[in-house]
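> Pasting in a structure now, in structure tokens, and then I'll have a few things to ask.
The values are calculated or read from the model by the stated rules, or taken from the named source; none is laboratory data. Note that the structure is predicted; figures quoted are calculated from it, not measured. All Cβ positions, even for glycine, are placed from backbone atoms using ideal geometry, and neighbour counts span all protein chains on display.
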Amino acid sequence: MKIIILNKTVFLTLILLFILTGLTYSQDVDIIPYLKQIESGNIDEARSELLDLKEEYPESPSVKFLEGVLTENGQLAVVIYQDIVDNYPTSKYADASLYRIFSYYYALGLYETAQKKLDQLILDYPGSPYIKIAQQNKFPTENISVNEEEDSTEVNGEETVAEQEFRFTIQAGAFSNRDNAESLKAEFLNSGIFSDTKEKLVGGTRFHIVYVGKFLTENDAESFLQVINKRYKLSGRIIPITW
């Protein structure tokens, strides 16, 4: 599922900027050749190379960034980029990762979250070339607090999210203690991932269920499930959205 479809010229310009940024660093895995493959349209070849890179350098932030660039599922890509920002803040592509998170939320019309990500980019990476690019985007002067639990279907007149209703979500956990449920929900929200809690009465016991992500297809949910189970050490499961 492609949640955001970037204009081809914009996409190639960003890839070029990623390459130029990477040239200023000498540490970590050099992913510039693979970014050039993507720029040239050899995406399948880059994906094939990524499998070997992930096996050889499983904790490389540069390899993680390459994985994010090649990930078509927007929600899943955000998780990858947020992992880089949170756990590898001094890596060469940390500011680029934060910029791509900003772009994701801006494209969805979730301007309040996008503004927070832009503020973080300015604060944490004041010399980043992505700041000026991000600031070219205009925020609405009114109603910036969009209901961020609703899914925008148009941004500046262009469709950015499929108009179909989301059909699946992930049940990340069930807690008898509400504070534990709210704590997990906050972790997801702080990473820029949709999350919600609902109460459910089972055998006379009230549980607080934590849900994360919303997906059009079960395959999209499955890819996301593998990432969050590993990152948050969960045993989540995919369920249909019934609310």
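> Under 7 Å by Cβ, and 6 or more places apart or on different chains, what pairs join a residue from the range 216-230 that is under 22 Å from L184 (Cα atoms) and touching a residue at least 40 places away in the same chain (Cβ under 8 Å) with one that is of a type outside the set (D, E, K, R) and in a helix (DSSP H, G or I)?
From the range 216-230, the pairs are S223/L76; F224/Q75; F224/L76; V227/L76; V227/V79; I228/V79.
> Does K117 satisfy being modelled with pLDDT of 85 or more and in contact with a helix residue (DSSP H, G or I) (Cβ under 7 Å, 6 or more places away or on another chain)?
Judged against the criteria, K117 is a match.
> Given the range 169-243, what strands (runs of 3 or more DSSP E) lie entirely inside it while holding 1 or more residues that are over 26 Å from G68 (Cβ atoms) and acidic (D, E)?
The strands (runs of 3 or more DSSP E) meeting that bar are 195-202.
> Do any helices (runs of 4 or more DSSP H) entirely within the range 1-94 hold 2 or more residues that are over 19 Å from the mean Cα position of the chain (by Cα) and modelled with pLDDT under 80, and if so, which?
Because the criterion is at least 2 residues that are over 19 Å from the mean Cα position of the chain (by Cα) and modelled with pLDDT under 80, the helices (runs of 4 or more DSSP H) in the range 1-94 that meet it are 8-22.
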